[in-house]
1. List the pairs whose first member sits in segment 3-14 and is touching a residue at least 40 places away in the same chain (Cβ under 8 Å) and under 14 Å from LEU178 (Cα atoms), whose second member is hydroxyl-bearing (Ser, Thr, Tyr) and surrounded by 10 or more Cβ atoms within 10 Å (Cβ to Cβ), and whose Cβ atoms are under 9 Å apart, counting only residues at least 6 apart or on separate chains?
2. Can you find, within segment 147-190, the residue that is farthest from the chain's Cα centre (by Cα) among those that are small (Gly, Ala, Ser) and surrounded by fewer than 18 Cβ atoms within 10 Å (Cβ to Cβ)?
3. Being small (Gly, Ala, Ser) and modelled with pLDDT of 95 or more is the filter here, so list the residues in segment 38-68 that pass it.
4. Within segment 162-198, which residues are closer than 24 Å to SER72 by Cα, assigned to a loop (DSSP other than H, G, I, E, B) and of a type in the set (D, E, K, R)?
5. For segment 4-26, how many residues are closer than 22 Å to ALA221 by Cα and in a loop (DSSP other than H, G, I, E, B)?
6. Of ILE81, ILE98, which residue is under 23 Å from MET196 (Cα atoms) and at pLDDT 95 or above?
7. Filtering segment 6-24 down to residues that are touching a helix residue (DSSP H, G or I) at 6+ places or on another chain (Cβ under 9 Å) and either open to solvent by 60 Å² or more (accessible area, probe 1.4 Å) or of a type in the set (S, T, N, Q) (or both), which residue is farthest from ASN206 (Cα to Cα)?
8. Tell me which residues, restricted to segment 27-40, are open to solvent by 10 Å² or more (accessible area, probe 1.4 Å) and in a helix (DSSP H, G or I).
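The values are calculated or read from the model by the stated rules, or taken from the named source; none is laboratory data. Computed from a predicted model, the values in this text were never measured in an experiment. Neighbour counts run over all protein chains shown; Cβ positions are idealised from the backbone, glycine included. When the accessible area is computed, the model is the full protein with side chains, heavy atoms only, and any ligands, DNA or RNA have been set aside. Shrake-Rupley method; radii C 1.70, N 1.55, O 1.52, S 1.80 Å.
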Amino acid sequence: METQLVIAGQPIRSRFFLGTGKFPSYQIMKEAIIASSAHIVTVALRRIDPQAKEENILEYIPKDCIVMANTSGARNADEAIRIARLARALGCGDWIKIEVIPDNKYLLPDNAQTIKATEVLAKEGFIVMPYVNPDLADARRLRDAGAASIMPLGAPIGTNKGLCTRELLKILIAEIELPVVVDAGIGRPSHAAEAMEIGAAAVLVNTAVAASDDPVLAARAFSLAVAAGRLGYVSGMSPIKESPQSSSPLTGFLC
């Protein structure tokens, strides 16, 4: 039987999370959020301008959504911690996606610095959702540091390559008690469904929706794919077999 996703004691309505970067306009972004039924929406601090009412991105996010600020631009733990504290001071609440990326070429996260930031922020009452390379030992360290979930990448940010790290993701899903949210690299609804079919708790998508020809339609497509993939996982799908097997008996029905 399907159960509702719960993170840090908070019931989450949708297992599809949506990022807010790269949309052609804030209005299209808003329409995409509504079409996706996303409950958790990520926002980079640099796009928040509380002084500009008309163009403040927060004004375009439905009020029933959880705004999860991310520490995009942070190159080390200290910068991530500072960004998280600023986001809270600006009224973004306690949900924070830790993103520490010192590498400008491949945009891969620094797990060690992410663990350090997670430990500090979790102690300050933040609901910490760390974005990481999928490594079991580091996932356990993040759990012990107080992370509310683990957010491993499926492929490098913005590549739309899908689940390049599939086997590593399966290990994390099997071994980590926290919700595993696949983040980055998901470029097609089929990729999102695949992530859910292997047992991911949720997926986060941004580029594939925002950079599509019709972001509103793409958001809906990803949302449906996530729901379908989750139902497939919960249903206990028949395993893949090496040899063909008839779906109906081939003997015993002729006299």
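1. LEU5/SER14; ILE7/SER149; ALA8/SER149
2. For segment 147-190, the residue satisfying everything is ALA174.
3. Residues of segment 38-68 that are small (Gly, Ala, Ser), as a first pass: 38, 44, 52.
If the condition is that a residue be small (Gly, Ala, Ser) and modelled with pLDDT of 95 or more, then ALA38 is the only one that fits.
4. Residue satisfying the conditions is ARG188 alone.
5. Here is the first cut: in segment 4-26, the ones closer than 22 Å to ALA221 by Cα are 4-5, 12-26.
Next, only the ones that are in a loop (DSSP other than H, G, I, E, B) stay: 4, 13-15, 20-25.
Final tally of qualifying residues: 10.
6. Values: ILE81 fails: under 23 Å from MET196 (Cα atoms).
Result of the check over ILE81, ILE98: ILE98.
7. Ranking the candidates gives SER14 first.
8. GLN27, ILE28, LYS30, GLU31, ILE34, ALA35
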